[in-house]
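Input: a single structure, listed below in structure tokens.
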Amino acid sequence: MTRWGVVATILAPTLDVLRFAAYHLDAGAHRLFIYLDDPESDAYALLKAHPKIRVHQCNDAHWKKLGGKRPVKHQVRQSKNATHAYNRKTDVDWLIHIDVDEFIVSQADIGTTLYKLDEQTLCARLRPMEQLVGDGQTFKGFIPNGPSRNAIVKDIYPEFGEYIKGGFLSHVAGKVFIRTGLEDVNIRIHNVFQGEVTNPQQVKLPTMDLAHCHAKPWEDWLESFRYRLNHGSYRAELSAAKKDGLSLNTLLTSLEASDGKAGLRRFYDEVAVDTACTPRSFKGPQSASRNKSRFRCKIGAALS
């Protein structure tokens with residue numbers, strides 16, 4: 001039987017941490033490696049009591065053990081923790097690094113799907129689908145890169161579509177399962193390196209999606225906006241769709257400067273909120289239409 005595990009560095013309310021863990025255990029994970037970015041989190045004792053969870057408090061002692069002080073950037077902390085989990089003597093055959101707002105959704109048993117991969121396959125990528133604000137169960141699907149993607153996105157989001165890659169507020173890269181037991185592996189946020197090789201022997205997993213619950217109700221989104229703009233998903237150095245030389249970071253900064261909260265709300269309403277698409281929004285190649293259409297996905301009793 002193929003066993004798989006999840007590693008995550010988490011800074012979130014205890015209930016969110018427990019829901020994340022419960023969902024993936026219910027989905028069949030053999031092991032969860034959870035690194036609590038807040039070492040004083042109340043989730044620690046509850047997670048530690050579960051036999052399938054290995055939990056770490058990311059305190060000074062933890063970072064000293066990993067070779068130094070606590071990294072300033074959370075992306076670096078995530079990578080270091082994920083690589084640390086990988087290099088331990090684990091009892092899983094595959095490991096994936098994801099975030100607390102990401103949930104693996106599969107059309108078939110995850111372990112069985114991984115078991116059927118060719119023995120030469122070392123990496124397997126899930127593409128994301130991004131939650132829309134509404135009932136909490138509606139997502140927009142990934143649009144494969146191609147000559148029609150930009151036109152499809154512009155058709156759905158006429159004002160801001162040219163600034164958002166693939167119609168997503170957050171990443172379109174997805175996350176990667178990596179086969180365990182390999183030498184010289186370094187796990188990053190969206191990729192895996194074995195020495196100098198990026199994503200060695202990678203395949204795609206068309207029967208799995210990564211449900212990304214990035215978009216929150218307006219007040220919650222606005223509360224996290226400043227951090228994302230400076231340090232997270234909307235930061236300036238990220239590669240993104242651009243129009244007239246403007247990145248998403250520049251757009252949002254300019255929009256706030258010119259129109260204030262009302263401008264940000266206009267952007268949010270067009271891009272993040274679940275609204276009816278007109279029929280012409282679904283024009284394009286069959287594969288693009290199927291993948292871009294929004295669909296319902298119940299992500300488990302653990303989130304109810």
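The values are calculated or read from the model by the stated rules, or taken from the named source; none is laboratory data. All values derive from a computational prediction rather than experimental measurement. For neighbour counting, all protein chains shown are included, and Cβ atoms are generated from backbone atoms with ideal geometry for every residue, glycine included.
Some observations on this one:
- Scanning region 157-170 for residues that are farther than 30 Å from L122 by Cβ and part of a helix (DSSP H, G or I) yields a count of 4.
- Test for K48: is it out of contact with any helix residue (DSSP H, G or I) (no Cβ under 9 Å at 6 or more places or on another chain), among the basic types (K, R) and modelled with pLDDT of 95 or more: yes
- Any hit, region 12-27, residues being buried (at least 18 other Cβ atoms within 10 Å of the Cβ), in contact with a strand residue (DSSP E or B) (Cβ under 8 Å, 6 or more places away or on another chain) and more than 17 Å from D99 (Cα to Cα): no
- Members of region 230-245 that are at pLDDT 70 or above and either surrounded by 16 or more Cβ atoms within 10 Å (Cβ to Cβ) or assigned to a loop (DSSP other than H, G, I, E, B) (or both): H231, G232, S233, Y234, R235, A236, E237, L238
- Scanning region 58-109 for residues that are among the aliphatic types (A, V, I, L, M) and touching a residue at least 40 places away in the same chain (Cβ under 8 Å) returns A82, A85, V92, L95, I96, I98, V100, I104, V105, A108.
- Residues of region 113-167 that are of a type in the set (D, E) and either over 18 Å from D101 (Cα atoms) or crowded, with 20+ Cβ neighbours inside 10 Å (or both): D118, E119, E130, D155, E159, E162.
- Among the numbered conditions (1) under 22 Å from F20 (Cβ atoms); (2) of a type outside the set (D, E, K, R); (3) touching a Lys or Arg at 6+ places or on another chain (Cβ under 7 Å); (4) in contact (Cβ under 8 Å) with a residue 24 or more places away in the chain, the only one that G167 does not meet is (1).
- When the residues of region 65-106 are filtered to those that are hydrophobic (A, V, I, L, M, F, W, C) and over 20 Å from P39 (Cβ atoms), the one that is surrounded by the most Cβ atoms within 10 Å (Cβ to Cβ) is I96.
- Among the residues here, I189 qualifies as surrounded by 17 or more Cβ atoms within 10 Å (Cβ to Cβ), out of contact with any Leu (no Cβ under 9 Å at 6 or more places or on another chain), touching a residue at least 40 places away in the same chain (Cβ under 8 Å) and of a type outside the set (G, A, S).
- Checked against the criterion of being closer than 18 Å to F103 by Cβ, in a helix (DSSP H, G or I) and β-branched (V, I, T), region 30-49 has no qualifying residue.
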